Structures are given as C-alpha cells and as structure tokens.
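Colleague: Please see the structure below; I have some questions.
Read-outs throughout are calculated quantities, based only on the coordinates presented, and are distinct from any laboratory measurement. Predicted, not measured: the structure shown is a model, and the values here were computed from it. Here the Cβ positions follow ideal geometry from the backbone for every residue, glycine too, while neighbour counts run over all protein chains shown.
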Amino acid sequence: MLASSTTRRALASCSSSSTATVLPSFLVPALQTTANAPRRTFSATANRQSKLGRNPISIPPGVDLQVGDLFVKKDVTTYLRTKMRKVVVKGPLGQLELDIPSFVKLDHDTEGRKAVLTVEDKEQKKQMEMWGTTWSYLNNYIMGVSEGHTAVLRLVGIGYRATVEPRPALEEYPGQQFVCLKLGFSHPVEMGLPLGMKASAPQPTRVLLEGIDKEQIMSFAAKIRRWRVPEPYKGKGIFINDETIKLKAKKIK
C-alpha cells in the first residue's frame, strides 16, 4: 500500500509540473509497464525420467524375449479390469513370465541385444512408478534365467543348526526337499522348498538358496527368518545375506 501511494504521488507531480522531474532509482521498476511482459511459470525444468527405466537392459546370449498381445486382467482386490501384456523370458536355466501394463512399451533390439522401456505419458504418477518397477522386474528375470539368484541364511545362536533333507510324508510334489532347522524350540522347524528352488547346507549354520526367481527366493528366506528374527541385545537370530543389526546396551536394573 505504501509503495502504491508513493507511486501515485510521483505520477501526479510529474503530470502537474511543466519542468522535467528526475525520479528516484527505486521508483523506476514500479513505473514500468508489465502488461507485455512474459508470464513466468512456477517451474521451468523438464520432467525427470526414471533413473532405472531410462537405462537400456542388456540381454546376454542365450536369452530370448517374447512379447505377447494385449489381454484384460482382473485385479483380485479392487476387481478393476486393466489391459496387460505378457512378456516371456527364456534362458538356459528356465523360463519366466511377466505381466506388464499396456502403457509400458518394450522395444526389443535383437541385433544389439538390448531392451528399452518407455511409457506413454510421463505426466501421470502411476506410469512413472510402474516404469522403474517394470524395469527392475524384467532385469531380475533376465539375470535369473541366465545366471540365477542366490540367498545365504546365517544362523547365529547357541545350538542353531540347519540341514536339507527329504520328507516323503510331507512332500507336495515328487522329490521336494525340506529345510530342517533347530532353533531352540521343543520341535524342529521343517519348511518345504517351492517348486523350482534348490537348497543346500554347506555348513551347519549356513543355508544356501538357489533359483531363477529372485522374488520367490527372498520371500522364502523371509519366512525362514520369521522364526528367529535377529534381536538387538545378544545378536542372535537368522540373518539374510549381508544383514547386520546394531546391538543395544544390556538393561541394568
């Protein structure tokens, strides 16, 4: 309000007096017309691309990608029908199938052995989220069918032991192996391996899980870890890969 009243008085004095009047320097920007000035936007930066999705995926020799046609998939929880596309990844270790949304485009360069993922609209949040997620799933599938994935479980605790043995009376498919754990309970813990996964016990306190599906391996490892979650006072429990825990001071009464 003070600046506007000062400007009006300066304009009135300029129009009434016949002699030339020199305005102070701080009033010059206020008197300039801004009608023809360009409108400044809130942000002039371009849309950021996905850090993962913008990178091409290298396809090793012996791995083949097959992109199927569109189909309608019904969500189990929301009952919404969405258009999906099935991608089949074949390799020397096996075959995996991945359902990707219809707005994610997959450009497969067979000669360059690369795959590039793009989305239709980078302004939509859901498409930007699924861009990197789809890239991560597809990259894990390609690595799984070519090299495989592993997870190492470390049993830390007095008397904790692990073995891999068959249980014919409990098997769900022929030849199923079971991870048998002694974790201080009154009974041993026996967990059957999912189909397509292998397990071994190179040491009494180590369990090695192998397979082509990384999500399946880590999910099964988390189920085993749930029996003895690492506790922060003595550091006992089941650790996955390079998992560590910060020890706390003992409670003193």
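Colleague: What translational D, rounded to a whole number of µm²/s, comes out for the range 204-253 from Stokes-Einstein when the hydrodynamic radius is the Kirkwood one over Cα pairs, at 10 °C and 1.306 mPa s?
Modeller: D, rounded to a whole number, is 126 µm²/s.
Colleague: Another question, then. Can you tell me the FRET efficiency between residue 86 and residue 171 if r is taken as the Cβ-Cβ distance and R0 is 41 Å, rounded to the nearest 0.05? Intermediate results must be reported in sequence, preceding the final value.
Modeller: Details: r = 31 Å, r/R0 = 0.75.
With a Förster radius of 41 Å, E is 0.85.
Colleague: Lysine pairs, Cα distance under 20 Å, 8 or more residues apart or cross-chain: how many in the range 81-218?
Modeller: Close lysine pairs found across the range 81-218: 18.
Colleague: When you count, for each residue, the other Cβ atoms within 10 Å and take the mean per peptide, how do 185-193, 116-124 rank with the highest first?
Modeller: 116-124, 185-193
Colleague: A follow-up question, please. Evaluate the relative contact order of the range 137-214 (contact order divided by residue number), counting alpha-carbon pairs under 8 angstrom at least 6 apart; express in whole percent.
Modeller: Details: 140 pairs, mean separation 30.8, N = 78.
For the range 137-214, the relative contact order is 39 percent.
Colleague: Moving to a separate point now. Taking the alpha carbon gyration tensor of the range 162-228, what are the square roots of 5 times its eigenvalues, largest first, to the nearest whole Å?
Modeller: Result for the range 162-228: semi-axes of 18, 15, 11 Å.
Colleague: Between the alpha-carbon centers of the range 96-142 and the range 156-215, tell me the distance in whole angstrom.
Modeller: Measuring centre to centre over Cα atoms gives 35 Å.
Colleague: Further, regarding this structure: Please compute the modelled spin-label separation between residue 107 and residue 243, points set 7 Å along Cα→Cβ, answer in nm with one decimal.
Modeller: 4.1 nm
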